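The values are calculated or read from the model by the stated rules, or taken from the named source; none is laboratory data. Predicted, not measured: the structure shown is a model, and the values here were computed from it. Here Cβ is always computed from backbone atoms with ideal geometry, including for glycine, and neighbour counts include all displayed protein chains.
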Amino acid sequence: MNRLANKVAVITGAAQGMGAAHARRFVAEGAKVILTDINAEMGGALLRELGPNALFVAHDVTEPASWAEVIRQGEAKFGKINVLVNNAGIIGDIANTRSITDANYMKVIAVNQHGVFYGMQAVIPSMLQAGGGSIVNISSIAGIVACHGAPNVAYVASKFAVRGMTKFVATEYGRYNIRVNSVHPGFIKTPMMVAATDAVGAGATAMIPLARMADPDEVSQLVVFLASDESSFITAEEHVIDGGMTAQ
């Protein structure tokens, strides 16, 4: 339970769902964790649970100035940051391409795509000073295949964009010992995903060869591996965790 000793990690969208699972697993594995979320109440509750190896910063991933404050507070508390988990994301309104509004489209892109860009841009200077690091960008199977019930075109566009940005930054900063990988979950038992699949009913799990949704901690185990030195020669790759959905 010490796989992330000497790691200082920022995890966005950490107040609930997969982000909270990642935060719990990271602290259990020895990391110092900066939790960020727009929901200060839930973020504060998780901070109280996790104790002195965690710090919560209220944070809007779509605002570069908010990212600067996360880095400032994180470095002041724990030192240089060497792990970033870009987990924050939204689904947006369910809509077809003809009916999606400009506001809905741009909100999804702002959080899912621009938020990942701002995060990498903000944390790289700290990683350079730390001598390297690992960035884990949470995408989706909707960034691998444009099907399986994606809610709207903006969601698919943003998740494909995360995949491309991951590869670009990995090739750009690999020489500085900064690794960048993307994780592509399928159906995970989070409040956001359960709400999205309720309308589908039994058809949701029927699309999964393992015939169940994943527990968030199953994704966290993969994220821990990519953040740890165990994955020291893995970069610029897509890591699909979907129970076999994309095999069909």
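Data table
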{"quantity": "Per-region count, segment 5-50, residues in a helix (DSSP H, G or I) and either of a type outside the set (Asp, Glu) or in contact with a His (Cβ under 8 Å, 6 or more places away or on another chain) (or both)", "calculated": "21"}
{"quantity": "Residue count for segment 228-248, restricted to those that are more than 16 Å from Pro185 (Cβ to Cβ) and in contact with a Pro (Cβ under 9 Å, 6 or more places away or on another chain)", "calculated": "1"}
{"quantity": "Qualifying residues in segment 229-245 (those that are out of contact with any strand residue (DSSP E or B) (no Cβ under 6 Å at 6 or more places or on another chain) and surrounded by 17 or more Cβ atoms within 10 Å (Cβ to Cβ)) - the one nearest to Ala9 (Cα to Cα)", "calculated": "Ser231"}
{"quantity": "Segment 175-204 residues that are farther than 19 Å from Lys159 by Cα and among the acidic types (Asp, Glu), paired with ones that are surrounded by 18 or more Cβ atoms within 10 Å (Cβ to Cβ) and at pLDDT 95 or above (beta carbon under 6 Å, 6 or more apart)", "calculated": "none"}
{"quantity": "Filter pass, Thr12 being surrounded by 18 or more Cβ atoms within 10 Å (Cβ to Cβ), on the phi < 0 side of the Ramachandran plot and hydroxyl-bearing (Ser, Thr, Tyr)", "calculated": "yes"}
{"quantity": "Hits in segment 94-117 (condition: in a loop (DSSP other than H, G, I, E, B) and buried (at least 17 other Cβ atoms within 10 Å of the Cβ))", "calculated": "Ile100"}
{"quantity": "Given (1) surrounded by 18 or more Cβ atoms within 10 Å (Cβ to Cβ); (2) farther than 29 Å from Ile141 by Cα; (3) among the acidic types (Asp, Glu), number of the condition Asp37 does not satisfy", "calculated": "(2)"}
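Rundown of residues vs (1) at pLDDT below 95; (2) on the phi < 0 side of the Ramachandran plot; (3) over 19 Å from the mean Cα position of the chain (by Cα); (4) not in a strand (DSSP E or B), yes/no style:
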site	(1), (2), (3), (4)
Val145	yes, yes, no, yes
Ala150	yes, yes, no, yes
Ala157	no, yes, no, yes
Tyr173	no, yes, yes, yes
Asn181	no, yes, no, no
Gly201	yes, no, yes, yes
Leu226	no, yes, no, yes
Ile234	no, yes, no, yes
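Each row is one residue, and each column tells you yes or no for (1) surrounded by fewer than 21 Cβ atoms within 10 Å (Cβ to Cβ); (2) under 20 Å from Met1 (Cβ atoms); (3) under 17 Å from the mean Cα position of the chain (by Cα).
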site	(1), (2), (3)
Gln16	yes, no, yes
Ala20	no, yes, yes
Ala31	no, yes, yes
Gly43	no, no, yes
Arg48	yes, no, no
His59	no, no, yes
Asn82	no, yes, yes
Ile90	yes, no, yes
